[in-house]
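First the structure, in the form of structure tokens, and then the observations on it.
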Amino acid sequence: ILNVEQSPQSLHVQEGDSTNFTCSFPSSNFYALHWYRWETAKSPEALFVMTLNGDEKKKGRISATLNTKEGYSYLYIKGSQPEDSATYLCAFDNQGGKLIFGQGTELSVKP
Amino acid sequence: NAGVTQTPKFRVLKTGQSMTLLCAQDMNHEYMYWYRQDPGMGLRLIHYSVGEGTTAKGEVPDGYNVSRLKKQNFLLGLESAAPSQTSVYFCASSSFPLFRTNEKLFFGSGTQLSVL
């Protein structure tokens with residue numbers, strides 16, 4: 001059974017803080033690593049799809065890095081805002097299309 | 001722009017009852033997926049389809065059946081519901097295989113199912 005682990009499970013920060021969380025996945029047979037943002041009562045929405053070792057992607061204040069050799073990805077949020085409050089999911093693709101999701105990191109940003 | 005639409009949004013069943021969840025997408029996507037989300041666990045793939053008329057098993061297929069008679073629709077059936085199937089169900093779609101660079105999933109809003 002392949003495991004995708006996310007840490008921490010939950011995070012509480014103040015507005016303006018920068019934060020980061022981790023996604024760990026098996027380092028063998030890598031196709032892609034996905035990050036999704038899931039707000040309460042909404043659908044998960046894709047943030048990044050990363051396929052190459054050393055990839056760095058950025059979307060506004062959110063960025064992600066990928067290390068496929070050691071099996072981890074970091075998601076960074078710079079200057080957190082209350083609207084960043086959501087669960088952040090990572091998903092690992094090792095079979096060319098069947099994603100294995102982590103349990104998510106729940107971020108709460110207090111004004 | 002509807003995207004991926006799931007019906008119903010909520011349902012309560014008694015053990016042994018059957019039901020069908022409908023997923024419809026208007027993006028002409030080839031690939032469609034059904035996931036379930038349980039507390040403390042990630043999204044787990046139940047079944048998926050790589051095109052009209054095709055279906056395949058995911059991680060947790062037992063107790064579920066699916067059909068993809070039309071490209072835009074993917075149905076998830078529970079023939080005899082069990083309390084262990086209480087969960088939130090998400091449908092998703094993608095236009096190309098996910099291993100293509102930058103290809104991502106588009107999700108529906110979820111169906112909350114309780115089996116008593």
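What follows draws every value from the coordinates through simple rules; no lab data is involved. Nothing here was measured: the structure is a model prediction, and the numbers come from that model. With ideal geometry, Cβ positions are generated from the backbone for all residues, glycine too; neighbour counts draw on all protein chains shown.
Provide, for q = 0.26 Å⁻¹, the log10 of I(q)/I(0) from a solvent-free Debye sum over equal Cα point scatterers in the stretch A:50-111.
For the requested q values the scattering log ratios are -1.21.
Could you compute the FRET efficiency for B:SER114 and B:VAL50, with r as their C-beta to C-beta distance and R0 at 35 Å, rounded to 0.05?
Values: r = 31 Å, r/R0 = 0.89.
Computed FRET efficiency for B:SER114 and B:VAL50 comes out at 0.65.
Taking amide hydrogens as modeled 1.01 Å from N in the peptide plane, which residues meet the under 5 Å criterion relative to A:ALA32, leaving out close sequence neighbours?
A:ASP93
May I ask you to derive the FRET efficiency for A:SER18 and A:THR40 from their Cβ-Cβ distance with R0 = 22 Å, giving the value to the nearest 0.05?
Computed FRET efficiency for A:SER18 and A:THR40 comes out at 0.45.
I want to verify the translational diffusion coefficient of the stretch A:1-109 in µm²/s; compute it with Stokes-Einstein, Rh as the Kirkwood radius over Cα pairs, at 20 °C and 1.002 mPa s. Walk me through the numbers before you get to the answer.
Numbers: Rh = 13.8 Å.
For these conditions, the coefficient is 155 µm²/s.
Over the stretch B:1-71, what relative contact order in percent results from Cα pairs under 8 Å that are six or more residues apart?
Working: 100 pairs, mean separation 15.6, N = 71.
Once normalised by length, the contact order is 22 percent.
Which value in Å does the Kirkwood hydrodynamic radius of the stretch B:35-116 take, with 1/r averaged over all unlike C-alpha pairs and then inverted? If you can, show how the numbers build up before the last one.
Details: mean 1/r = 0.0735 Å⁻¹.
Evaluated on the stretch B:35-116, it is 13.6 Å.
If you take the Cα atoms of the protein assembly as shown, find Rg, then find the Kirkwood Rh from the mean of 1/r over all pairs, what is Rg/Rh? Show your work: numbers first, answer last.
Details: Rg = 17.5 Å, Rh = 18.0 Å.
Using Cα coordinates only, the ratio equals 0.97.
May I ask you to derive the FRET efficiency for B:ALA2 and A:LYS69 from their Cβ-Cβ distance with R0 = 41 Å, giving the value to the nearest 0.05? Show your work: numbers first, answer last.
Numbers: r = 41 Å, r/R0 = 1.00.
Once the sixth-power term is evaluated, E becomes 0.50.
Once label points are set 7 Å from the Cα along Cα→Cβ at both A:ASN29 and B:ALA82, what is their separation, rounded to one decimal in nm?
Distance between label points: 2.6 nm.
From the phi of every residue in the stretch A:63-70, what ³J(HN,Hα) in whole Hz does the Karplus formula 6.51 cos²θ - 1.76 cosθ + 1.60 yield, where θ is phi - 60° and glycine or proline is x?
9, 9, 10, 9, 10, 7, 6, 9
For B:GLY42, list long-range residues whose amide hydrogen, built 1.01 Å from N in the peptide plane, is under 5 Å from its own amide hydrogen.
A:GLN103
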